[in-house]
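Please read the structure below before turning to the comments.
The values are calculated or read from the model by the stated rules, or taken from the named source; none is laboratory data. Keep in mind it's a predicted model, so treat the numbers as computed, not measured. Virtual Cβ from ideal backbone geometry, glycine too; neighbours counted across all protein chains shown. When the accessible area is computed, the model is the full protein with side chains, heavy atoms only, and any ligands, DNA or RNA have been set aside. Shrake-Rupley method; radii C 1.70, N 1.55, O 1.52, S 1.80 Å.
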Amino acid sequence: DVAYLRSVLPSTTDDAFFDYLATLDASEVTVTAIPEGSVVFPRVPFLQVKGPLLVVQLLETTLLCLVNYASLVATNAARFRLLAGPDMKLMEMGLRRAQGPDGALSASKYSYIGGFDCTSNILAGKLYGIPVRGTIAHSFVMSFRCLEEVQPRDLPPRAGGDPVDLAGLAVSWLQRVCDLLQTPPGKANQGELAAFVSYAVTFPCDFQGLLDTYCVRRSGLPNFCAVALALHQLGYQAIGVRLDSGDLAQQSKEIRGVFRACGAHFHVPWFGTIPIAVSNDISEQSLEEFRRQGSEIDMIGIGTNLVTCPLQPSLGCVYKLVEVNGSPCLKLTEDEEKMTIPGMKAIYRLYDAAGHPFMDLMALEEEPSPSAGQELGIRVLGQLGETTRVTPTTVEPLHRTYFRDGQVCEPLPSLPEVRTHAQVSLSLLSPAHRRLHEPQPYPVAVTERLHRLFLELRQGS
(Lines give C-alpha, C1' and ligand atoms only; values in the text may rest on other atoms or scores of the structure.)
Protein backbone atom coordinates (compact mmCIF):
# COMPACT_ATOMS: atom_id res chain seq x y z
CA ASP A 1 0.00 0.00 0.00
CA VAL A 2 2.77 2.41 0.88
CA ALA A 3 4.58 1.57 -2.37
CA TYR A 4 1.41 2.35 -4.33
CA LEU A 5 0.98 5.68 -2.53
CA ARG A 6 4.57 6.57 -3.38
CA SER A 7 3.72 6.04 -7.05
CA VAL A 8 0.72 8.40 -7.06
CA LEU A 9 1.76 11.16 -4.64
CA PRO A 10 4.08 13.95 -5.78
CA SER A 11 7.73 12.90 -6.03
CA THR A 12 8.62 15.68 -3.58
CA THR A 13 6.67 13.99 -0.75
CA ASP A 14 8.95 13.54 2.27
CA ASP A 15 10.06 9.94 2.86
CA ALA A 16 9.28 10.39 6.55
CA PHE A 17 5.59 10.67 5.67
CA PHE A 18 5.60 7.16 4.18
CA ASP A 19 7.50 5.84 7.17
CA TYR A 20 4.80 7.36 9.36
CA LEU A 21 2.02 5.77 7.31
CA ALA A 22 3.58 2.35 7.83
CA THR A 23 3.19 2.74 11.60
CA LEU A 24 -0.55 3.50 11.60
CA ASP A 25 -3.02 1.14 13.27
CA ALA A 26 -6.46 1.37 14.82
CA SER A 27 -5.50 0.52 18.39
CA GLU A 28 -5.92 4.14 19.52
CA VAL A 29 -9.39 4.47 17.99
CA THR A 30 -12.57 4.37 20.08
CA VAL A 31 -15.96 3.91 18.41
CA THR A 32 -19.27 4.54 20.13
CA ALA A 33 -22.53 3.99 18.28
CA ILE A 34 -26.26 3.65 18.52
CA PRO A 35 -26.99 -0.12 18.33
CA GLU A 36 -27.54 -1.54 14.86
CA GLY A 37 -31.22 -1.72 13.97
CA SER A 38 -32.18 1.36 15.99
CA VAL A 39 -34.38 4.10 14.58
CA VAL A 40 -32.18 7.19 14.11
CA PHE A 41 -33.36 10.70 13.27
CA PRO A 42 -31.71 13.52 11.28
CA ARG A 43 -28.84 15.43 12.98
CA VAL A 44 -28.34 12.72 15.61
CA PRO A 45 -24.79 11.27 15.47
CA PHE A 46 -25.27 7.51 15.35
CA LEU A 47 -21.52 6.85 15.24
CA GLN A 48 -18.72 8.71 17.04
CA VAL A 49 -15.04 8.00 16.41
CA LYS A 50 -12.14 9.18 18.58
CA GLY A 51 -8.47 8.75 17.75
CA PRO A 52 -5.42 10.29 16.07
CA LEU A 53 -6.57 12.81 13.48
CA LEU A 54 -5.04 11.14 10.43
CA VAL A 55 -6.40 7.72 11.37
CA VAL A 56 -9.97 8.93 11.89
CA GLN A 57 -9.77 10.95 8.66
CA LEU A 58 -8.73 7.82 6.76
CA LEU A 59 -11.76 6.00 8.20
CA GLU A 60 -14.25 8.53 6.82
CA THR A 61 -14.91 7.09 3.38
CA THR A 62 -14.93 3.49 4.58
CA LEU A 63 -17.40 4.16 7.38
CA LEU A 64 -19.74 6.20 5.19
CA CYS A 65 -19.67 3.52 2.49
CA LEU A 66 -20.55 0.86 5.07
CA VAL A 67 -23.43 2.71 6.71
CA ASN A 68 -25.06 4.77 3.94
CA TYR A 69 -26.38 2.04 1.64
CA ALA A 70 -27.08 -0.29 4.56
CA SER A 71 -29.19 2.31 6.35
CA LEU A 72 -30.90 3.35 3.12
CA VAL A 73 -32.02 -0.17 2.20
CA ALA A 74 -33.07 -1.07 5.75
CA THR A 75 -35.13 2.14 5.87
CA ASN A 76 -36.69 1.42 2.48
CA ALA A 77 -37.53 -2.12 3.58
CA ALA A 78 -39.07 -0.78 6.81
CA ARG A 79 -41.32 1.53 4.78
CA PHE A 80 -42.55 -1.42 2.72
CA ARG A 81 -43.15 -3.39 5.92
CA LEU A 82 -45.16 -0.54 7.46
CA LEU A 83 -47.30 -0.28 4.33
CA ALA A 84 -47.81 -4.04 3.99
CA GLY A 85 -48.74 -4.54 7.64
CA PRO A 86 -47.38 -7.14 10.07
CA ASP A 87 -49.12 -10.20 8.58
CA MET A 88 -48.12 -9.93 4.93
CA LYS A 89 -45.15 -12.06 3.89
CA LEU A 90 -42.49 -9.99 2.11
CA MET A 91 -39.83 -11.57 -0.09
CA GLU A 92 -36.76 -9.64 -1.30
CA MET A 93 -36.08 -10.58 -4.92
CA GLY A 94 -33.88 -7.79 -6.26
CA LEU A 95 -30.75 -9.76 -7.18
CA ARG A 96 -31.11 -9.14 -10.93
CA ARG A 97 -31.59 -5.39 -10.50
CA ALA A 98 -29.05 -4.68 -7.75
CA GLN A 99 -25.84 -2.73 -8.28
CA GLY A 100 -23.60 -5.74 -8.71
CA PRO A 101 -23.01 -8.77 -6.46
CA ASP A 102 -21.91 -6.70 -3.45
CA GLY A 103 -24.99 -4.49 -3.70
CA ALA A 104 -27.20 -7.54 -4.09
CA LEU A 105 -25.86 -9.27 -0.99
CA SER A 106 -26.06 -6.04 1.02
CA ALA A 107 -29.63 -5.49 -0.18
CA SER A 108 -30.66 -8.98 0.92
CA LYS A 109 -29.07 -8.55 4.34
CA TYR A 110 -30.42 -5.09 5.10
CA SER A 111 -33.87 -5.78 3.64
CA TYR A 112 -34.11 -8.60 6.16
CA ILE A 113 -33.16 -6.21 8.97
CA GLY A 114 -35.81 -3.77 7.70
CA GLY A 115 -38.56 -6.35 8.05
CA PHE A 116 -38.60 -8.65 5.03
CA ASP A 117 -39.23 -12.30 5.77
CA CYS A 118 -37.05 -14.02 3.18
CA THR A 119 -34.92 -13.60 0.07
CA SER A 120 -34.62 -15.24 -3.34
CA ASN A 121 -30.82 -14.75 -3.11
CA ILE A 122 -29.61 -18.19 -2.05
CA LEU A 123 -26.03 -16.99 -1.51
CA ALA A 124 -27.36 -14.47 1.02
CA GLY A 125 -29.18 -17.36 2.68
CA LYS A 126 -25.96 -19.33 2.86
CA LEU A 127 -23.81 -16.46 4.12
CA TYR A 128 -26.24 -14.79 6.53
CA GLY A 129 -28.83 -17.43 7.43
CA ILE A 130 -31.71 -15.47 5.88
CA PRO A 131 -34.69 -17.72 5.02
CA VAL A 132 -34.79 -18.39 1.27
CA ARG A 133 -37.91 -18.67 -0.87
CA GLY A 134 -38.71 -18.65 -4.56
CA THR A 135 -41.06 -19.89 -7.24
CA ILE A 136 -40.73 -21.50 -10.66
CA ALA A 137 -39.74 -19.36 -13.64
CA HIS A 138 -41.59 -18.53 -16.85
CA SER A 139 -38.71 -20.09 -18.76
CA PHE A 140 -39.30 -23.40 -16.98
CA VAL A 141 -42.98 -23.39 -17.92
CA MET A 142 -42.20 -22.39 -21.52
CA SER A 143 -39.60 -25.16 -21.92
CA PHE A 144 -42.34 -27.83 -22.09
CA ARG A 145 -44.52 -28.51 -25.13
CA CYS A 146 -46.59 -31.59 -24.24
CA LEU A 147 -47.23 -34.16 -21.55
CA GLU A 148 -45.16 -36.78 -23.40
CA GLU A 149 -42.05 -34.80 -22.36
CA VAL A 150 -42.67 -35.41 -18.65
CA GLN A 151 -40.20 -37.99 -17.34
CA PRO A 152 -40.57 -39.39 -14.77
CA ARG A 153 -44.33 -39.07 -14.40
CA ASP A 154 -45.16 -41.69 -11.77
CA LEU A 155 -45.63 -40.62 -8.14
CA PRO A 156 -46.32 -42.95 -5.18
CA PRO A 157 -49.09 -41.91 -2.76
CA ARG A 158 -47.77 -40.15 0.30
CA ALA A 159 -49.11 -42.89 2.56
CA GLY A 160 -47.38 -45.55 0.46
CA GLY A 161 -48.50 -47.87 -2.30
CA ASP A 162 -47.99 -48.31 -6.01
CA PRO A 163 -46.89 -45.29 -8.06
CA VAL A 164 -49.58 -43.50 -10.04
CA ASP A 165 -49.26 -41.76 -13.42
CA LEU A 166 -49.61 -38.16 -12.20
CA ALA A 167 -49.90 -36.79 -15.74
CA GLY A 168 -52.88 -39.00 -16.52
CA LEU A 169 -54.48 -38.19 -13.18
CA ALA A 170 -54.02 -34.45 -13.80
CA VAL A 171 -55.68 -34.72 -17.23
CA SER A 172 -58.75 -36.31 -15.67
CA TRP A 173 -58.88 -33.58 -13.01
CA LEU A 174 -58.47 -30.87 -15.64
CA GLN A 175 -61.72 -31.94 -17.29
CA ARG A 176 -63.55 -31.78 -13.96
CA VAL A 177 -62.06 -28.39 -13.08
CA CYS A 178 -62.92 -26.93 -16.50
CA ASP A 179 -66.48 -28.21 -16.19
CA LEU A 180 -66.75 -26.40 -12.84
CA LEU A 181 -65.19 -23.19 -14.18
CA GLN A 182 -67.12 -23.43 -17.47
CA THR A 183 -63.97 -23.03 -19.53
CA PRO A 184 -62.95 -25.30 -22.45
CA PRO A 185 -60.20 -27.80 -21.52
CA GLY A 186 -58.70 -27.28 -24.95
CA LYS A 187 -57.79 -23.68 -24.03
CA ALA A 188 -55.44 -24.91 -21.27
CA ASN A 189 -51.87 -24.94 -22.56
CA GLN A 190 -50.53 -28.50 -22.62
CA GLY A 191 -46.92 -27.44 -22.20
CA GLU A 192 -47.87 -25.50 -19.07
CA LEU A 193 -49.72 -28.53 -17.71
CA ALA A 194 -46.64 -30.66 -18.45
CA ALA A 195 -44.40 -28.18 -16.60
CA PHE A 196 -46.68 -28.25 -13.56
CA VAL A 197 -46.81 -32.06 -13.57
CA SER A 198 -43.03 -32.33 -13.91
CA TYR A 199 -42.53 -29.92 -11.00
CA ALA A 200 -45.11 -31.73 -8.90
CA VAL A 201 -43.52 -35.13 -9.48
CA THR A 202 -40.16 -33.72 -8.37
CA PHE A 203 -41.44 -31.65 -5.43
CA PRO A 204 -44.80 -33.16 -4.42
CA CYS A 205 -44.67 -31.58 -0.95
CA ASP A 206 -43.69 -28.14 -2.31
CA PHE A 207 -45.75 -27.79 -5.47
CA GLN A 208 -46.49 -24.26 -6.56
CA GLY A 209 -47.64 -22.71 -9.81
CA LEU A 210 -46.72 -19.63 -11.82
CA LEU A 211 -50.09 -18.80 -13.39
CA ASP A 212 -49.50 -16.08 -15.97
CA THR A 213 -47.13 -17.57 -18.55
CA TYR A 214 -50.08 -17.82 -20.95
CA CYS A 215 -53.60 -16.98 -19.77
CA VAL A 216 -54.41 -17.05 -16.06
CA ARG A 217 -58.13 -17.71 -16.34
CA ARG A 218 -58.19 -20.18 -19.25
CA SER A 219 -54.88 -21.96 -18.72
CA GLY A 220 -52.70 -21.25 -15.68
CA LEU A 221 -55.46 -21.46 -13.09
CA PRO A 222 -57.23 -24.63 -14.33
CA ASN A 223 -53.90 -26.35 -14.97
CA PHE A 224 -52.71 -25.56 -11.46
CA CYS A 225 -55.98 -26.68 -9.86
CA ALA A 226 -55.89 -29.94 -11.83
CA VAL A 227 -52.37 -30.81 -10.71
CA ALA A 228 -53.00 -29.66 -7.12
CA LEU A 229 -56.15 -31.80 -6.91
CA ALA A 230 -54.32 -34.77 -8.42
CA LEU A 231 -51.65 -34.36 -5.76
CA HIS A 232 -54.34 -34.10 -3.09
CA GLN A 233 -55.78 -37.42 -4.28
CA LEU A 234 -52.34 -38.93 -3.55
CA GLY A 235 -52.10 -37.28 -0.12
CA TYR A 236 -50.05 -34.16 -0.94
CA GLN A 237 -50.87 -30.45 -0.51
CA ALA A 238 -49.88 -27.62 -2.86
CA ILE A 239 -48.16 -24.66 -1.19
CA GLY A 240 -49.06 -21.68 -3.39
CA VAL A 241 -49.24 -19.78 -6.66
CA ARG A 242 -47.58 -16.65 -8.03
CA LEU A 243 -48.79 -13.88 -10.34
CA ASP A 244 -46.34 -11.66 -12.20
CA SER A 245 -48.48 -9.44 -14.43
CA GLY A 246 -51.82 -7.69 -14.80
CA ASP A 247 -54.11 -6.27 -12.15
CA LEU A 248 -52.66 -8.21 -9.24
CA ALA A 249 -55.23 -7.23 -6.62
CA GLN A 250 -58.24 -8.02 -8.83
CA GLN A 251 -56.74 -11.27 -10.09
CA SER A 252 -55.96 -12.38 -6.55
CA LYS A 253 -59.63 -12.03 -5.64
CA GLU A 254 -60.71 -13.98 -8.71
CA ILE A 255 -58.17 -16.73 -8.02
CA ARG A 256 -59.27 -16.96 -4.39
CA GLY A 257 -62.85 -17.36 -5.58
CA VAL A 258 -61.83 -20.25 -7.85
CA PHE A 259 -59.85 -21.91 -5.05
CA ARG A 260 -62.83 -21.69 -2.72
CA ALA A 261 -65.17 -23.02 -5.38
CA CYS A 262 -62.89 -25.98 -6.06
CA GLY A 263 -62.45 -26.62 -2.36
CA ALA A 264 -66.21 -26.67 -1.77
CA HIS A 265 -67.14 -28.61 -4.91
CA PHE A 266 -64.47 -31.29 -4.56
CA HIS A 267 -64.62 -31.40 -0.74
CA VAL A 268 -61.02 -30.23 -0.18
CA PRO A 269 -61.24 -27.69 2.70
CA TRP A 270 -57.62 -26.44 2.56
CA PHE A 271 -57.89 -25.58 -1.12
CA GLY A 272 -59.56 -22.26 -0.48
CA THR A 273 -56.61 -21.05 1.60
CA ILE A 274 -53.80 -21.77 -0.88
CA PRO A 275 -51.36 -18.82 -0.53
CA ILE A 276 -51.24 -16.30 -3.38
CA ALA A 277 -47.94 -14.50 -4.06
CA VAL A 278 -47.46 -11.55 -6.43
CA SER A 279 -44.52 -9.78 -8.02
CA ASN A 280 -43.96 -7.36 -10.94
CA ASP A 281 -42.25 -4.06 -10.15
CA ILE A 282 -44.04 -3.64 -6.81
CA SER A 283 -43.68 -0.16 -5.29
CA GLU A 284 -45.00 1.68 -2.24
CA GLN A 285 -47.81 2.94 -4.46
CA SER A 286 -48.62 -0.67 -5.40
CA LEU A 287 -49.04 -1.63 -1.74
CA GLU A 288 -51.30 1.35 -1.13
CA GLU A 289 -53.36 0.35 -4.15
CA PHE A 290 -53.66 -3.25 -2.88
CA ARG A 291 -54.98 -1.91 0.40
CA ARG A 292 -57.39 0.49 -1.31
CA GLN A 293 -58.82 -2.18 -3.63
CA GLY A 294 -58.74 -5.01 -1.13
CA SER A 295 -56.96 -8.19 -2.19
CA GLU A 296 -56.41 -11.84 -1.38
CA ILE A 297 -52.61 -11.55 -1.59
CA ASP A 298 -50.62 -13.47 1.03
CA MET A 299 -47.05 -12.80 -0.11
CA ILE A 300 -45.36 -10.01 -2.07
CA GLY A 301 -42.04 -10.26 -3.88
CA ILE A 302 -40.29 -6.90 -4.26
CA GLY A 303 -37.11 -6.32 -6.23
CA THR A 304 -36.25 -3.17 -8.18
CA ASN A 305 -38.07 -0.66 -5.98
CA LEU A 306 -36.52 -2.19 -2.88
CA VAL A 307 -32.85 -2.65 -3.71
CA THR A 308 -32.36 0.43 -5.94
CA CYS A 309 -34.35 2.79 -3.65
CA PRO A 310 -35.67 4.97 -6.53
CA LEU A 311 -37.59 7.32 -4.21
CA GLN A 312 -34.27 8.32 -2.61
CA PRO A 313 -31.25 6.77 -4.34
CA SER A 314 -28.74 7.74 -1.64
CA LEU A 315 -28.68 8.50 2.07
CA GLY A 316 -26.81 11.64 3.03
CA CYS A 317 -25.00 10.53 6.18
CA VAL A 318 -21.99 12.77 6.86
CA TYR A 319 -18.81 12.48 8.94
CA LYS A 320 -17.74 15.75 10.56
CA LEU A 321 -14.97 16.89 12.87
CA VAL A 322 -16.45 18.17 16.16
CA GLU A 323 -13.44 18.31 18.50
CA VAL A 324 -9.63 18.52 18.23
CA ASN A 325 -7.31 17.95 21.22
CA GLY A 326 -10.21 18.50 23.61
CA SER A 327 -11.32 21.76 21.96
CA PRO A 328 -14.78 21.73 20.34
CA CYS A 329 -14.92 22.99 16.75
CA LEU A 330 -17.73 24.15 14.50
CA LYS A 331 -18.26 24.10 10.74
CA LEU A 332 -20.07 27.26 9.64
CA THR A 333 -21.97 27.54 6.38
CA GLU A 334 -24.58 29.67 4.66
CA ASP A 335 -27.00 26.75 5.01
CA GLU A 336 -27.91 26.57 8.71
CA GLU A 337 -29.00 22.92 8.41
CA LYS A 338 -25.45 21.98 7.40
CA MET A 339 -23.80 23.59 10.41
CA THR A 340 -22.24 20.99 12.66
CA ILE A 341 -23.07 20.65 16.34
CA PRO A 342 -19.77 20.94 18.24
CA GLY A 343 -18.18 18.73 20.87
CA MET A 344 -18.28 15.04 21.75
CA LYS A 345 -21.85 14.26 22.68
CA ALA A 346 -23.99 11.85 24.63
CA ILE A 347 -27.36 11.00 23.07
CA TYR A 348 -30.54 10.30 25.02
CA ARG A 349 -33.97 9.18 23.88
CA LEU A 350 -36.83 10.59 25.95
CA TYR A 351 -40.05 8.61 26.37
CA ASP A 352 -43.56 9.69 27.36
CA ALA A 353 -45.96 7.96 29.72
CA ALA A 354 -47.38 5.85 26.86
CA GLY A 355 -43.94 4.37 26.21
CA HIS A 356 -43.36 6.25 22.94
CA PRO A 357 -40.14 8.17 22.30
CA PHE A 358 -41.02 11.83 21.84
CA MET A 359 -37.60 13.50 21.53
CA ASP A 360 -33.88 12.78 21.14
CA LEU A 361 -31.59 14.96 23.23
CA MET A 362 -27.93 15.73 22.55
CA ALA A 363 -25.74 16.74 25.50
CA LEU A 364 -22.05 17.32 25.94
CA GLU A 365 -20.26 14.15 26.96
CA GLU A 366 -19.24 15.57 30.35
CA GLU A 367 -22.77 16.73 31.29
CA PRO A 368 -24.70 14.75 33.91
CA SER A 369 -27.29 12.39 32.43
CA PRO A 370 -30.92 13.53 32.54
CA SER A 371 -33.21 11.53 34.81
CA ALA A 372 -36.72 10.19 34.45
CA GLY A 373 -39.23 12.60 35.98
CA GLN A 374 -36.75 15.49 35.87
CA GLU A 375 -37.89 18.65 34.08
CA LEU A 376 -35.40 19.66 31.40
CA GLY A 377 -34.83 22.97 29.71
CA ILE A 378 -33.78 22.24 26.12
CA ARG A 379 -33.53 23.85 22.67
CA VAL A 380 -35.22 22.07 19.75
CA LEU A 381 -33.27 22.18 16.51
CA GLY A 382 -35.04 24.55 14.14
CA GLN A 383 -36.40 26.48 17.15
CA LEU A 384 -33.16 27.40 18.89
CA GLY A 385 -34.38 30.86 19.80
CA GLU A 386 -36.61 29.64 22.62
CA THR A 387 -36.28 27.28 25.55
CA THR A 388 -38.67 24.31 25.72
CA ARG A 389 -39.35 22.44 28.95
CA VAL A 390 -40.02 18.69 28.89
CA THR A 391 -40.33 15.98 31.54
CA PRO A 392 -39.56 12.48 30.28
CA THR A 393 -41.06 9.40 31.91
CA THR A 394 -38.08 7.29 30.79
CA VAL A 395 -34.59 8.25 29.61
CA GLU A 396 -32.55 5.88 27.45
CA PRO A 397 -28.85 6.52 26.72
CA LEU A 398 -28.37 5.55 23.07
CA HIS A 399 -24.60 5.31 22.55
CA ARG A 400 -22.55 2.27 23.49
CA THR A 401 -18.82 1.77 23.13
CA TYR A 402 -18.16 -0.98 20.58
CA PHE A 403 -14.42 -0.64 19.84
CA ARG A 404 -11.54 0.43 22.09
CA ASP A 405 -7.79 -0.33 22.32
CA GLY A 406 -7.92 -2.40 19.13
CA GLN A 407 -10.64 -4.71 20.43
CA VAL A 408 -14.39 -5.12 19.98
CA CYS A 409 -15.67 -4.52 23.50
CA GLU A 410 -19.44 -4.99 23.10
CA PRO A 411 -20.99 -8.31 22.00
CA LEU A 412 -22.16 -7.89 18.42
CA PRO A 413 -25.74 -9.09 17.85
CA SER A 414 -26.70 -11.74 15.33
CA LEU A 415 -28.63 -10.77 12.21
CA PRO A 416 -31.97 -12.07 13.60
CA GLU A 417 -31.34 -10.09 16.81
CA VAL A 418 -30.70 -6.91 14.81
CA ARG A 419 -33.87 -7.55 12.78
CA THR A 420 -35.93 -8.02 15.94
CA HIS A 421 -34.44 -4.88 17.47
CA ALA A 422 -35.29 -2.90 14.33
CA GLN A 423 -38.91 -4.01 14.39
CA VAL A 424 -39.23 -3.26 18.12
CA SER A 425 -37.68 0.19 17.58
CA LEU A 426 -40.20 0.96 14.85
CA SER A 427 -43.12 -0.36 16.88
CA LEU A 428 -42.27 1.95 19.80
CA LEU A 429 -42.68 5.07 17.66
CA SER A 430 -45.89 7.00 18.04
CA PRO A 431 -48.25 6.39 15.10
CA ALA A 432 -48.06 10.13 14.39
CA HIS A 433 -44.30 9.82 13.82
CA ARG A 434 -44.44 6.43 12.10
CA ARG A 435 -46.99 7.17 9.38
CA LEU A 436 -45.48 7.58 5.93
CA HIS A 437 -47.74 10.37 4.70
CA GLU A 438 -47.39 13.74 6.43
CA PRO A 439 -45.79 12.36 9.60
CA GLN A 440 -45.48 14.59 12.61
CA PRO A 441 -41.83 15.74 12.71
CA TYR A 442 -39.82 14.04 15.42
CA PRO A 443 -37.97 16.71 17.45
CA VAL A 444 -34.24 16.54 18.10
CA ALA A 445 -32.93 18.90 20.77
CA VAL A 446 -29.76 20.05 22.51
CA THR A 447 -29.18 20.91 26.14
CA GLU A 448 -28.86 24.54 27.18
CA ARG A 449 -25.15 23.99 27.84
CA LEU A 450 -24.55 22.58 24.36
CA HIS A 451 -26.57 25.43 22.89
CA ARG A 452 -24.39 27.98 24.71
CA LEU A 453 -21.26 26.32 23.36
CA PHE A 454 -22.70 26.48 19.84
CA LEU A 455 -23.41 30.21 20.21
CA GLU A 456 -19.95 30.93 21.64
CA LEU A 457 -18.17 29.16 18.80
CA ARG A 458 -20.42 30.76 16.22
CA GLN A 459 -19.85 34.26 17.55
CA GLY A 460 -16.12 33.64 17.96
CA SER A 461 -15.88 32.55 14.34
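With every protein chain kept in place and ligands, DNA and RNA left out, what is the accessible area per residue of the range 76-308? Probe 1.4 Å, answer in Å². Intermediate values should be presented prior to the final figure.
Values: 10180 Å² over 233 residues.
Normalised by residue count, the accessible surface of the range 76-308 is 44 Å².
Add -39500 (n - 2.57) for each DSSP H run of 4 or more in the chain, then divide by its residues: what number comes out at 222 nm, to the nearest 500 deg cm²/dmol?
Values: 15 runs with 178 residues, N = 461.
Calculated mean residue ellipticity at 222 nm is -12000 deg cm²/dmol.
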Quiz prompt | Whole-Hz ³J(HN,Hα) from phi, Karplus 6.51 cos²θ - 1.76 cosθ + 1.60, for the range 357-374, glycine and proline x | solution = x, 10, 6, 9, 10, 9, 10, 5, 4, 7, 6, x, 5, x, 10, 4, x, 8
Quiz item: Residue farthest toward the positive end of the dipole of the range 58-154, with Cβ of Lys/Arg at +1 and Asp/Glu at -1: which of 100, 84, 110?
Solution: 84
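If Lys and Arg each add +1 and Asp and Glu each add -1, what is the summed charge of the other residues whose beta carbon sits under 13 Å from the beta carbon of residue 346? Before the final figure, lay out the partial values.
Working: positive: 345, 349, 400, 449; negative: 360, 365, 366, 367, 396.
Result for the local shell: -1.
At a 10 angstrom cut-off on C-beta neighbours, averaged per residue, how do the peptides 444-452, 334-342 rank from highest to lowest? The partial results should precede the final answer.
Numbers: 444-452: 18.9, 334-342: 13.4.
Per-residue mean Cβ counts within 10 Å order the peptides as 444-452, 334-342.
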Self-check item: Reachable aspartates and glutamates, given that their alpha-carbon falls under 15 Å from the alpha-carbon of residue 331 and they are not under 8 places away in the same chain
Solution: 323, 456
Self-check item: Radius 14 Å from Cβ of residue 449, net charge of other residues (Lys, Arg +1; Asp, Glu -1)
Solution: -2
Practice problem: Just reorder 394, 304 by solvent-accessible area, largest first, 1.4 Å probe, all chains present. | Solution: 394, 304
Quiz item: Along the charge dipole of the chain, Cβ charges K/R +1 and D/E -1, which of 381, 265, 251 sits furthest on the positive end?
Solution: 265
Self-check item: Point-charge dipole on Cβ atoms (K/R +1, D/E -1) for the range 19-164, about Cα centre, debye to 20
Solution: 480 debye
Exercise. Provide 20, 351 ordered by accessible surface of protein heavy atoms (probe 1.4 Å), highest first.
Key: 20, 351
Quiz item: Counting DSSP beta bridges in the range 76-308, what percent are antiparallel, to the nearest 5?
Solution: 10 percent
Practice problem: Evaluate the charge dipole of the range 30-108 about its Cα centre and quote only its size in Debye, nearest 20, assuming +1 on the Cβ of each Lys and Arg and -1 on the Cβ of each Asp and Glu. | Solution: 180 debye
Exercise. Rounded, prolate or oblate: pick one for the range 383-430, where a ≥ b ≥ c are the square roots of the eigenvalues of its C-alpha gyration tensor, a/c under 1.5 means rounded, and failing that, prolate if a/b is larger than b/c, else oblate.
Key: oblate
Quiz item: Remind me, relative contact order of the chain in percent, using alpha carbon pairs under 8 angstrom and six or more residues apart?
Solution: 18 percent
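At a threshold of 8 angstrom on Cα-Cα distance, excluding pairs fewer than six apart, so keeping six or more, what relative contact order does the range 76-308 reach in percent? Don't jump to the answer; show the numbers that get you there.
Details: 413 pairs, mean separation 51.6, N = 233.
22 percent.
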Practice problem: Please tell me which of these pairs span more than 19 angstrom C-alpha to C-alpha: 320/345; 50/320; 89/109; 89/253; 109/320? | Solution: 109/320
Quiz item: Per residue and in Å³, how big is the convex hull formed by the alpha-carbon atoms of the chain?
Solution: 210 Å³
Exercise. Using the Kirkwood radius over Cα pairs, work out the Stokes-Einstein diffusion coefficient for the range 217-256 at 25 °C and 0.890 mPa s, in µm²/s as a whole number.
Key: 220 µm²/s
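Which value, in debye to the nearest 20, gives the size of the charge dipole of the chain about its Cα centre, when Lys and Arg are +1 and Asp and Glu are -1 at the Cβ? Each step should come with its number before you reach the end.
Numbers: 39 positive and 49 negative charges, 246 e Å.
Using only the charged Cβ atoms, the result is roughly 1180 debye.
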Quiz item: Helix 190-202 versus the longest principal axis of the chain: what is the Cα-based angle in degrees, 0 to 90, to the nearest 10?
Solution: 70 degrees
